[in-house]
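For reference, the structure is listed below as structure tokens.
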Amino acid sequence: GLLDPLGAMQVLAELLRQARAMWPLKTNLSGVSVTLRIDALKAETVQACRRPALNEAWVLEKVSERSASVCRVPLPQVRDGMDWSNRCILNFTEGAAAAA
């Protein structure tokens, strides 16, 4: 983040966009918070977030009704029957938000 503050904000924006999709805004839940564990992202540079290893993808995984965690997942696991009801792929590539 220190070397690329704009890139760090773009990574954070994608994370929050996907988290909002997991927890849509509901008036009856105002004041209820959700915790997003981003330890895996904090350990990486923006460039490393945007370009994970060739055989990996960044995933946001809902681990409870009020929390989710970011992790790297091997692509074969992503392609071969992963349960997507509580997960989504995070696309940190430059320009991804503009294309969405």
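Taken together, the values in this text are just the output of simple stated rules run on the coordinates, not laboratory data. Nothing here was measured: the structure is a model prediction, and the numbers come from that model. Because the Cβ atoms are built from the backbone with ideal geometry, glycine has one as well, and the counts that use them run over all protein chains shown.
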Quiz item: If exposed trypsin sites (Lys or Arg not before Pro) are those in a DSSP loop with at most 15 other Cβ within 10 Å, what is the longest stretch of the chain that has none?
Solution: 27-65
Quiz item: Looking at region 1-97, which chymotrypsin sites (Phe, Trp or Tyr not before Pro) are in a loop (DSSP not H, G, I, E or B) and have at most 16 other Cβ atoms within 10 Å?
Solution: Trp84
Quiz item: Just from its helices, what would the mean residue ellipticity at 222 nm be for the chain, if runs of 4 or more DSSP H residues each count -39500 (n - 2.57) and the sum is divided by every residue, rounded to the nearest 500 deg cm²/dmol?
Solution: -9000 deg cm²/dmol
Practice problem: Check each of the GluC sites (Glu not before Pro) in region 1-91 and keep only those in coil by DSSP with at most 13 other C-beta atoms within 10 angstrom; list them in order. | Solution: Glu65
Self-check item: Contour minus Cα-Cα distance for Ser69 and Ile89 (0.36 nm per residue)
Solution: 6.0 nm
Exercise. Show the residues, 5+ positions off or on another chain, whose built amide H is closer than 5 Å to the amide H of Ser67.
Key: Thr35
